[in-house]
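Before any comments, here is the structure.
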Amino acid sequence: MKNAFNILLLFLILPLLGTAQEEQQKTINKAFSGKERVIITHRYGPLQVEKSTDGQVRLVATLSARTKEAGDMQLLEKQFDLEIIESGDLLEVKTKFDIENWNSRNDVISLKFKDGSRLKQVKDLKITFKLQIPDLQALKLTNKYDEINILEDINTDLEIVLYDGRLKTANIQGALRVDTKYSKGTIGNFQNASLKFYDSTFNLGTGKDIQLISKYSKLEFRNATSLTINSYDDKISWKDVGGNIAIIDKYSDFVGSNFGNGKLDLYDSQITIKDGEDIQAKSKYTKFRLGEVNTLSFELSYDDKVEAVSIGNLKSTSKYTDYILGKLRSGMQINSYDDNFQIGQFVGPLEGIDFTGKYSDIKFGLPSSAVYRLEAHAKYGKIQYPESQLETTYYKEKNDEIELKGKTKGATDSSPLILIESYDGKIILN
């Protein structure tokens with residue numbers, strides 16, 4: 001009988017508990033005219049943006065929660081408001097919810113506010129912010145711990161500041177500024193951009209001139225007019241860059257397709273890019289995988305690995321680097337120390353070769369039709385050349401030292417020059 005009474009009592013209490021935990025909300029609606037610059041600072045919930053149809057800036061901010069006691073919801077509503085500043089065409093709105101401590105355990109939230117008041121056993125607390133805008137001069141959106149979602153294409157310069165949230169935008173017909181930490185998202189097409197990512201993951205559309213600072217992030221771009229990157233321990237990829245690429249990096253991986261010119265300063269990086277005009281590089285402990293490049297010029301290469309399908313002209317000061325080139329088209333100017341060169345085929349027309357090496361081996365696969373002059377000096381090494389094709393004008397061999405001058409049949413004093421200065425290296429001209 002006692003058990004039956006307890007069960008009956010439980011059934012009577014449960015509906016009361018359910019009623020006390022029903023979601024309640026407070027909503028704030030505002031509309032503004034004549035605004036060209038809008039700044040929104042939000043927190044603790046999603047921030048959504050769409051186009052307005054009447055030229056006004058409209059916003060709806062809603063606090064929703066489930067509380068144990070009816071009075072608890074009244075206290076929440078008291079803490080929730082909007083701080084609004086208007087100055088000419090500028091509108092600045094900040095979500096006001098002054099929390100000192102927020103603790104969540106098993107989906108139950110305990111709150112301490114800055115005025116000293118406290119609440120316990122709050123559930124499903126969220127503050128949503130919906131913004132409608134016409135075309136603006138500038139829009140800045142800030143959120144923390146939640147998402148920013150721009151549902152429609154917008155015509156404005158846009159600035160995003162996001163911490164530990166998600167971002168999704170449609171296309172942006174204006175300049176873009178982004179500063180994120182610990183965030184993820186997608187960004188549509190945009191104009192010029194200044195981007196800053198930290199420990200974030202993003203897919204981005206097509207942009208014009210892009211300035212990027214990044215750390216510990218994974219980023220995918222579609223296309224760009226130009227791309228300037230300062231990165232650290234990232235993974236960054238792009239499709240086509242119509243203009244120039246400039247990269248300063250440590251510890252990152254880059255994958256891209258076509259580009260114009262490249263300026264690279266790399267440390268312990270990996271870069272895989274397809275076809276381009278000219279690359280100027282300074283690198284250390286880096287692996288290059290290149291397609292067809294007109295000129296590859298190293299200010300300094302140290303302990304790198306350089307692989308390329310085809311290089312027009314190779315210019316390099318290098319140490320401990322491996323070069324694997326499928327084709328060399330016109331020539332090279334090399335100052336080398338303990339490097340290794342593998343050149344599959346020299347296709348010409350030859351413009352000239354200037355090679356100074358110490359402890360470095362190199363093999364040139366010159367075509368039999370090549371016409372050139374040869375001047376070579378080697379000490380403690382070996383020079384192998386096509387003697388039958390060369391008309392030697394000077395040859396000296398003494399004390400592990402070889403010096404020779406000559407030219408192929410048909411060559412003149414203005415023919416391309418192959419100049420070799422080698423110390424303890426193996427030089428093969430085939």
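Derivation of every value follows stated rules applied to the coordinates shown; laboratory data play no part. Keep in mind that this is a model prediction, so the values were computed, not measured. Note that each Cβ is placed from the backbone with ideal geometry, even for glycine, and that neighbours are counted across all protein chains shown.
Residues 321, 142 in ascending order of nearby Cβ atoms (within 10 Å, fewest first): 142, 321.
Highest first, please rank the peptides 70-81, 24-35, 219-230 by the mean number of other Cβ atoms sitting within 10 Å of their residues.
219-230, 70-81, 24-35
How big is the charge dipole of the chain about its Cα centre, in debye rounded to the nearest 20, if each Lys and Arg gets +1 on its Cβ and each Asp and Glu gets -1 on its Cβ?
With Lys and Arg at +1 and Asp and Glu at -1, about 1180 debye.
For the chain, the relative contact order is 7 percent, taking Cα pairs closer than 8 Å that sit 6 or more residues apart in sequence and dividing their mean separation by the residue count.
Going by the alpha-carbon gyration tensor, a ≥ b ≥ c the square roots of its eigenvalues, is the range 186-251 rounded (a/c under 1.5) or, if a/c is not under 1.5, prolate (a/b greater than b/c) versus oblate? Because a/c hits 1.5 or more and a/b fails to exceed b/c, the range 186-251 counts as oblate. For the range 243-372, a/c is not less than 1.5, where a ≥ b ≥ c are the root eigenvalues of the C-alpha gyration tensor, and a/b does not top b/c. That puts it in the oblate class. The relative contact order of the range 19-136, computed from alpha carbon pairs under 8 Å that lie at least 6 residues apart in sequence, is 38 percent. Mean sequence separation of contacting Cα pairs (under 8 Å, at least six apart), scaled by the length of the range 159-262, corresponds to a relative contact order of 17 percent.
Relative to one another, the C-alpha centroids of the range 38-70 and the range 325-383 are positioned 68 Å apart. Calculated [222 nm] ellipticity per residue, helices only, for the chain: -2000 deg cm²/dmol; basis is -39500 (n - 2.57) per DSSP H run with n ≥ 4, divided by all residues, nearest 500.
With a ≥ b ≥ c the root eigenvalues of the C-alpha gyration tensor of the chain, is it rounded (a/c under 1.5), prolate (a/b larger than b/c) or oblate?
Working: a/c = 4.60, a/b = 2.86, b/c = 1.61.
Prolate, since a/c reaches 1.5 and a/b exceeds b/c.
Separation of the range 244-263 and the range 74-97, taken as the distance between their Cα centroids, equals 44 angstrom. Legend: distances between Cα atoms for 114/184; 235/274; 208/305; 126/196; 68/123; pairs beyond 20 Å are 114/184; 208/305; 126/196. For the chain, the longest principal axis of the alpha carbon atoms and the long axis of helix 70-79 meet at an angle near 50°. By the count of neighbouring beta-carbon atoms within 10 Å, fewest first, 42, 377 end up ordered 377, 42. Across all C-alpha atoms in the range 19-136, the radius of gyration and Dmax reach 15.9, 47 Å.
The residues packed around residue 378, meaning those with a beta-carbon under 10 Å from its beta-carbon, carry a net charge of -3 if Lys and Arg are +1 and Asp and Glu are -1.
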